[in-house]
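J.: Could you have a look at this structure, given as structure tokens, before my questions?
The values are calculated or read from the model by the stated rules, or taken from the named source; none is laboratory data. As the structure is a computational prediction, the values presented were derived from the model and not from experiment. When we count neighbours, we look across all protein chains shown, and the Cβ atoms used for this are built from the backbone with ideal geometry, even at glycine. To get the accessible areas, we keep the full protein, side chains included, count just its heavy atoms, and leave off ligands, DNA and RNA. Shrake-Rupley method; radii C 1.70, N 1.55, O 1.52, S 1.80 Å.
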Amino acid sequence: MTKQKNIELVNARFPHLLSGTSHIADDANEVVDAGKNEYMQVKGSGNQEGLPFYHDHEYESNFQAWLSSIDEVVQDHPYILFYGFGLGYHVRVFIERYPEKWIFIHEPDEQMMSRSISYTDITSILHHPRLKMMTVGNDANQFRLMVHYLHTYVNDSLSVVTLPFYLDHTYDEVEDYLEQARETLFQYKANLDTRTIYQHNWTQNALYNLKATLMTPSIRELEGRMSGMPAIIVGSGPSLEEDIVWLKEFKKHAIIISAGSSIQALVKHGIEPHLAISIDGGEVNGNVYADPETRKAPLLYAPTVHYSVIDQKQSGLIHVLFNSDAVTAYHLGEAEEEVIFHSTATVTGTAIQAAAYFGCETVLLIGQDLSYPNDQVYAANVKHLDQSITDKVYAGADQYVENVQGSLNRTTLNMTVLLRDIENVIALYPQITFYNLSKIGAVIAGTTSLPAEEAHSYLYPSLIDERMIKHLLDEYENRDYAPKQAEVYRRCQEVADGLSVAHHSLRQIQRLLDKLPERSRTKPSKCANDMVKIEEQWTAIVTQTWFDEIIQTFLPSAVRAFDQQVGNIATEKNIIQKASLMKEHLGRFVNQLVRHFPRLQVYYEETLKRLREHV
């Protein structure tokens with residue numbers, strides 16, 4: 001019965017734990033009665049096989065001593081990450097002493113988690129309203145899930161509690177996990193900062209580009225079409241100035257892909273790449289394509305690219321969706337032909353994914369310095385930013401990174417994030433050989449340093465048609481997109497109508513929230529009724545099919561800030577405190593929605609106008 005009850009609760013709250021332990025064989029002989037009340041003893045597995053997980057003396061006094069030893073570590077921190085779960089005893093006594101703490105649990109040993117589910121009653125822990133997440137093992141998906149929850153819900157100081165067994169026997173593994181979590185959380189924060197900066201731009205771009213995304217082929221049409229051919233991904237770093245002379249010759253034997261603003265430098269030297277890629281959602285990106293010469297090459301774009309780039313280029317377009325682009329995905333619906341790439345912090349990461357999708361087995365990086373060598377930010381002829389902006393960027397380069405010569409280049413924290421992002425993408429493709437042709441750029445993990453003049457032997461032995469991608473696109477020029485256009489138009493109209501209704505309801509919620517604090521003190525029953533009305537009206541808004549998908553992109557920081565407080569509001573029993581929390585946190589979110597919805601309504605009006613011409 002214990003196992004069945006545990007499984008039912010785990011399946012309801014954390015079903016990924018079951019998938020993470022489903023392959024574990026039953027090992028009842030490893031879990032024994034410790035002879036200490038209801039406590040069981042268990043031994044470690046793997047490298048710790050045979051070692052007792054719990055100290056062999058009085059369990060109750062031992063756990064109390066352990067609690068006393070961590071008091072100073074946890075008492076001022078509302079959020080606790082447990083590294084280790086064991087059979088659940090430490091967590092259970094911790095909850096008894098600190099019921100107000102928010103808890104996240106990672107058990108690294110899948111066999112240990114399987115034992116706890118099978119042989120000990122952990123239902124009181126699973127029922128705990130402030131248990132936010134549990135993960136198990138070393139699976140990357142479980143790790144990302146934990147980091148996502150930490151990023152989403154932790155809005156104050158976090159303390160890490162490591163169970164004694166893991167602290168004693170797997171200290172290095174614990175440190176590796178926590179360091180990886182810290183780095184990933186930093187990347188999440190950097191991504192959120194970027195999303196917040198571009199929150200309205202990306203929503204506007206995705207909507208205004210819907211027409212083009214509907215009427216242009218997906219990158220799916222190019223899947224495997226360049227199998228075995230090498231690709232050269234061109235960046236805008238200072239080293240491009242020296243190495244660009246090689247590209248005219250390389251173009252005959254490799255697919256030249258210009259990443260972002262490097263297209264400017266290429267056309268200045270009379271080089272038209274086989275493919276250009278653009279993903280930048282900022283208005284300044286339109287400057288990159290102001291010269292008609294930059295618009296001649298086929299362009300692979302993500303729909304969140306600034307709409308002026310797409311408005312300027314009416315043909316030779318190919319699109320790919322990012323996994324972060326909920327706006328486009330929602331309006332296209334279940335479109336099987338769409339390919340989803342990982343959203344990357346730099347266009348080079350997108351270019352690497354494209355080269356892999358095309359079937360390229362060798363990728364050479366040129367102009368990818370990912371630092372500021374020789375006191376330069378960009379290569380010559382890359383002119384999309386004012387000099388004052390690049391001067392400001394360089395002035396802030398107060399960090400250093402190892403370069404391919406073994407010395408150091410100046411860099412910034414943001415550039416380091418871009419470097420790590422590219423390295424993470426490279427790690428996804430162990431079947432591809434990567435070369436870094438820069439002589440002055442940063443070391444890029446996963447690549448081999450190779451001077452450009454020695455790259456010939458890694459190129460395709462036969463000539464590559466310089467119009468190859470253009471010819472492939474010609475095959476899809478006369479497709480009929482009308483049925484899909486009508487469905488997308490309907491979805492946009494549905495959201496536009498929903499925004500008008502929601503805006504009216506939000507105004508009503510504002511009025512009710514304004515009265516809550518006073519009524520909680522003077523008319524508690526009336527206050528409770530108002531809370532019910534607010535909940536009903538709020539639920540009617542947030543359960544609209546479009547709300548999560550659109551608002552997550554349009555106001556990501558506001559959504560995250562409110563999500564971090566939902567648990568506090570839900571678990572608060574005191575009506576005065578609950579009213580205060582609702583007024584402060586729900587009120588702030590509602591106010592932001594009311595303030596920004598008119599802008600979103602304008603975006604939809606313009607989108608419908610653009611689509612109407614083609615429906």
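J.: Filter the stretch 543-558 down to the residues that are surrounded by fewer than 20 Cβ atoms within 10 Å (Cβ to Cβ), closer than 29 Å to E334 by Cβ and among the hydroxyl-bearing types (S, T, Y) and list them by number.
T.: Selection gives T543, T545.
J.: Test S236 against the stated conditions and say whether it is of a type outside the set (F, W, Y), at pLDDT below 95, crowded, with 24+ Cβ neighbours inside 10 Å and farther than 16 Å from E466 by Cα.
T.: When the stated conditions are applied, S236 passes them.
J.: Working only within the stretch 295-311, note down all residues that are more than 16 Å from I469 (Cα to Cα), buried (at least 16 other Cβ atoms within 10 Å of the Cβ) and not small (G, A, S).
T.: Within the stretch 295-311, P303, T304, V305, H306, Y307, V309, I310 qualify.
J.: Go through the stretch 248-268 residue by residue and tally those that are touching a strand residue (DSSP E or B) at 6+ places or on another chain (Cβ under 6 Å), among the hydroxyl-bearing types (S, T, Y) and either touching a residue at least 60 places away in the same chain (Cβ under 8 Å) or open to solvent by 20 Å² or more (accessible area, probe 1.4 Å) (or both).
T.: Of the residues in that region, 1 qualify.
J.: Ok, one more. Given the conditions (1) open to solvent by 70 Å² or more (accessible area, probe 1.4 Å); (2) closer than 23 Å to T152 by Cβ, and given that G567 satisfies all but one, which numbered condition is not satisfied?
T.: (1)
J.: Under 7 Å between Cβ atoms, which residue pairs at least 6 apart in sequence (or on different chains) link something in the stretch 445-464 that is farther than 8 Å from H253 by Cβ with a partner that is loosely packed, with under 13 Cβ neighbours inside 10 Å?
T.: What qualifies is G446/A427.
J.: Now for a different question. Are any residues in the stretch 75-131 small (G, A, S) and within 29 Å of the chain's Cα centre (by Cα), and if so, which ones?
T.: G84, the sole residue that qualifies.
J.: On the basis of being open to solvent by 70 Å² or more (accessible area, probe 1.4 Å) and either within 22 Å of the chain's Cα centre (by Cα) or at pLDDT 85 or above (or both), does F186 make the cut?
T.: Yes: the conditions hold for F186.
J.: Quick one: is L581 more than 29 Å from L207 (Cβ to Cβ) and touching a residue at least 12 places away in the same chain (Cβ under 8 Å)?
T.: The answer is yes for L581.
J.: Among A561, A540, A579, which is part of a helix (DSSP H, G or I), loosely packed, with under 15 Cβ neighbours inside 10 Å, out of contact with any His (no Cβ under 7 Å at 6 or more places or on another chain) and not charged (D, E, K, R)?
T.: A540
J.: Being open to solvent by less than 10 Å² (accessible area, probe 1.4 Å), modelled with pLDDT of 90 or more, touching a strand residue (DSSP E or B) at 6+ places or on another chain (Cβ under 6 Å) and assigned to a loop (DSSP other than H, G, I, E, B) narrows it down to one of F85, F104, so name that one.
T.: The conditions single out F85.
J.: Same structure, new question: If you go through the stretch 507-525 one residue at a time, do you hit one that is under 30 Å from A231 (Cα atoms) and not in a helix (DSSP H, G or I)?
T.: Taking every residue of the stretch 507-525 in turn, none turns out to be under 30 Å from A231 (Cα atoms) and not in a helix (DSSP H, G or I).
J.: Of everything in the stretch 333-352, what is over 16 Å from the mean Cα position of the chain (by Cα) and buried (at least 20 other Cβ atoms within 10 Å of the Cβ)? Give them in sequence order.
T.: Within the stretch 333-352, T348, A351, I352 qualify.
J.: Collect the residues in the stretch 124-152 that are assigned to a helix (DSSP H, G or I), within 14 Å of I105 (Cα to Cα) and touching a Lys or Arg at 6+ places or on another chain (Cβ under 7 Å), keeping them in residue-number order.
T.: I125, L126, Y149
J.: Now for a separate question. Out of I103, I125, which single residue is under 15 Å from V161 (Cβ atoms) and touching a Gly at 6+ places or on another chain (Cβ under 6 Å)?
T.: Matching residue, one of I103, I125: I125.
J.: A follow-up question, please. On the given criteria, is V284 of a type in the set (A, V, I, L, M), buried (at least 22 other Cβ atoms within 10 Å of the Cβ) and closer than 23 Å to Q204 by Cβ?
T.: No: the conditions fail for V284.
J.: Go through L17, L67 for me and flag whichever is at pLDDT 65 or above and surrounded by 18 or more Cβ atoms within 10 Å (Cβ to Cβ).
T.: Of the residues listed, the single one that is at pLDDT 65 or above and surrounded by 18 or more Cβ atoms within 10 Å (Cβ to Cβ) is L17.
J.: Do we have any residue at all in the stretch 216-233 that's farther than 18 Å from A355 by Cβ, more than 26 Å from the chain's Cα centre (by Cα) and among the aliphatic types (A, V, I, L, M)?
T.: Taking every residue of the stretch 216-233 in turn, none turns out to be farther than 18 Å from A355 by Cβ, more than 26 Å from the chain's Cα centre (by Cα) and among the aliphatic types (A, V, I, L, M).
J.: Are there any pairs, at least 6 apart or on different chains, whose C-beta atoms fall under 8 Å, with the first in the stretch 485-509 and at pLDDT below 95 and the second basic (K, R), and if so, which?
T.: Y489/R612
J.: Follow-up. Name every residue in the stretch 450-464 that is out of contact with any His (no Cβ under 7 Å at 6 or more places or on another chain) and either surrounded by 11 or more Cβ atoms within 10 Å (Cβ to Cβ) or part of a helix (DSSP H, G or I) (or both), in order of residue number.
T.: L450, P451, A452, E453, E454, A455, H456, S457, Y458
J.: Another question, then. Does D139 count as closer than 23 Å to Y177 by Cβ and either among the charged types (D, E, K, R) or within 28 Å of the chain's Cα centre (by Cα) (or both)?
T.: So D139 passes the test.
J.: Okay, next question. Taking S308 as meeting all but one of (1) touching an Asp or Glu at 6+ places or on another chain (Cβ under 9 Å); (2) over 14 Å from T350 (Cβ atoms); (3) touching a residue at least 60 places away in the same chain (Cβ under 8 Å), write down the number of the exception.
T.: Every listed condition holds for S308 apart from (3).
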